[in-house]
Amino acid sequence: RGNDAGVIAPLPLTIQDKKFTWPYQYITGAELKKLGGLSPDQKLYLSLADPYDDEVIANDQQVNLARPGIERFY
């Protein structure tokens, strides 16, 4: 994968209250949906701490899982 900084310690994440790990720093919305067993056309949100609004993640959007607080999706 050319867009990853490299393989790092598996990063924990939660999709629909199910726990997963991902071996790369970046993951796309499509990869998140596949990992979580979601339909490609289903909306996926990144849960952000208050006071921020949760963010819709597009299929082609990359998410940096190494950023603090980036671990819960629904």
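Each row is one residue, and each column tells you yes or no for (1) open to solvent by 80 Å² or more (accessible area, probe 1.4 Å); (2) of a type in the set (Phe, Trp, Tyr); (3) at pLDDT 95 or above; (4) within 11 Å of the chain's Cα centre (by Cα).
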position	(1), (2), (3), (4)
Val7	yes, no, no, no
Leu11	no, no, no, yes
Phe20	no, yes, yes, yes
Thr28	no, no, yes, yes
Gly37	no, no, yes, no
Asp41	yes, no, yes, no
Asp50	yes, no, no, no
Asp54	no, no, no, no
Ile70	no, no, no, yes
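Could you list all residues from segment 23-74 that are in a strand (DSSP E or B) and either aromatic (Phe, Trp, Tyr) or in contact with a helix residue (DSSP H, G or I) (Cβ under 6 Å, 6 or more places away or on another chain) (or both)?
Listed by number, the residues that qualify are Tyr26, Tyr45, Phe73.
The values are calculated or read from the model by the stated rules, or taken from the named source; none is laboratory data. The structure presented is a predicted model; accordingly, all values stated were derived computationally and were not measured. Cβ atoms come from the backbone with ideal geometry, glycine included; neighbour counts cover every protein chain shown. Note: accessible area is taken over every heavy atom of the protein model, side chains too, but ligands, DNA and RNA are not part of it. Shrake-Rupley method; radii C 1.70, N 1.55, O 1.52, S 1.80 Å.
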